[in-house]
1. Name the residue from 18, 282, 435 whose Cα lies farthest towards the positive end of the charge dipole of the chain, charges +1 on Cβ of Lys and Arg and -1 on Cβ of Asp and Glu.
2. Quick one: accessible area per residue over the chain, 1.4 Å probe, rounded to a whole number of Å²?
3. Students sometimes get this wrong: rank 459, 247, 70 by accessible area, probe 1.4 Å, all chains present, largest first.
4. Toward the positive end of the charge dipole of the chain, about the Cα centre and with charges on Cβ (Lys, Arg +1; Asp, Glu -1), which of 407, 48, 182 goes farthest?
5. Per the Kirkwood formula on distinct C-alpha pairs, the Rh of the stretch 31-126 is how many angstrom?
6. Accessible area of residue 32, 1.4 Å probe, to the nearest 10 Å²?
7. Students sometimes get this wrong: rank 172, 60 by accessible area, probe 1.4 Å, all chains present, largest first.
8. Rank 439, 79, 85, 103 by accessible area, highest first, at a 1.4 Å probe radius?
Amino acid sequence: MTMISLGGSIGTGLFLASGGAIHAAGPGGALLAYFIIGIMVYFLVTSLGEMATYMPVSGTFSTYATKFVDPSLGFALGWNYWYNWAITIAAELSAATLIIKFWLPDSPSFLWSALFLALMVGLNLLSVKSYGESEYWFAMIKIVTVIVFIGIGLLMIVGIWGGKAIGFSNFTAGDAPISGGLLAVLGVCMAAGFSFQGTELVGIAAGESENPRKNVPRAIRSVFWRILLFYILAIFVVGMLIPYSTDTLASDSVAASPFTIIFEKAGLSVAASVMNAVILSSVLSAGNSGMYASTRMLWVLAKEGKAPKLFAKLNKGGIPVYALLATAALGMLAFLASFFGDGQVYIWLLNASGMSGFIAWLGIAISHYRFRKAYVAQGRKVADLPYRSKWFPFGPILAGVMCMIVIIGQSISAFSDGQVDWKLLLASYIGIPLFLAFWLGYKWKYKTKVLKLEECQLDATED
């Protein structure tokens, strides 16, 4: 479970998007943005942990919102989360084609997208145990790379590696450490949010864990701190070693990945090719995790009567094949990269997915607040919960407010130089009307209402 969450969280957000974050807001601004989002994610994963250990189900967000808030909200959150990760699959496939073109620049994007999509589907057709094993090794490659990168980077900063201590000269150069003010920091929060998405996968996997009451809290505690440490230290190293004004930081080329640049500065001449292979494995890992999460969400929606019954069918190995194929079909959006230019499509997909991810996180905060209130209102003791999140109700309220701020202000970059980038604006906010259409449409059709605290279903078994 720990490796599944790490696999979903450490990917292009760290290896590619972190350079753009530093270029946009300076090293200090990027650190601040990632730290702010990290605090928000901490409260969200502990909120999710409390619900997932008490009621371990595969369709966490949809089921919890249905039982604790309003069935229409559960319906909308479930479809939103499916869409979120299915689009993330497309984004990761687009990134994979960029990476392959480092070696084969003239090869067709369509071919590589199809090949990698088939690989992800194949891995998810295996048993859950086999899927977990493959994800374990995918994640291990990334973790070792990040640790080596941080270690070499820190040695370069103090002058042990490379012979000359760089210190804080780049960290404070020009307008650094924070460039562009708080608006730039807010803009980077969206990229930071996309990077952290995947930490909630531990909740999705809880329904298929052997001992969720023991494994879920352990995974949540370890995953969050590891991811925060990886991101904060990696961004600190990049900000110290590369001036934020370096144009290549904003490039979507793997050859210009901050990891590759620093490895080359360290004298590791094969860094670009090795880093390219690592980033490729990390992209496929994140897409693989996304395929797993979105397939399980669609399966649960079908089981609850909120999606066509076809998607609830399992094969002999217990895999929801039809849900998997439907998810893969949406992932074929990556094929658009063949027609509209790889880098541009990747940015569109990243923004569209990022918005849906924040909506899902907002749903976690609301569901947990209602769960705890209903738990007490129905005469149950908080001390009896198998895992309790800290700082309730401050935690979910703060996380919910922060989610709202980022959702509203996340497309600042679309309004630059007095011009409006309508394509970017549409991609950034397309998740909101989709979510509202699902939510209000279901509410109108079935006349659902917000549940009273006494009506919330606190049974610890899945329907």
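The values are calculated or read from the model by the stated rules, or taken from the named source; none is laboratory data. Since the model is a prediction, treat every value here as computed from it, not as a measurement. Using ideal geometry, Cβ is built from the backbone for each residue, glycine included, and neighbour counts are taken over all protein chains shown. Accessible surface is based on the protein model in full, side chains and every heavy atom, while ligands, DNA and RNA are left aside. Shrake-Rupley method; radii C 1.70, N 1.55, O 1.52, S 1.80 Å.
1. It is 435.
2. Details: 18060 Å² over 463 residues.
I get 39 Å² per residue for the chain.
3. Details: 459 60, 247 120, 70 5 Å².
The ordering from most to least exposed comes out as 247, 459, 70.
4. 48
5. Working: mean 1/r = 0.0608 Å⁻¹.
Its Kirkwood hydrodynamic radius stands at 16.4 Å.
6. 60
7. Numbers: 172 80, 60 0 Å².
Accessible-area ranking of 172, 60, largest first: 172, 60.
8. Values: 439 80, 79 35, 85 5, 103 110 Å².
Ranking 439, 79, 85, 103 by accessible area, largest first, yields 103, 439, 79, 85.
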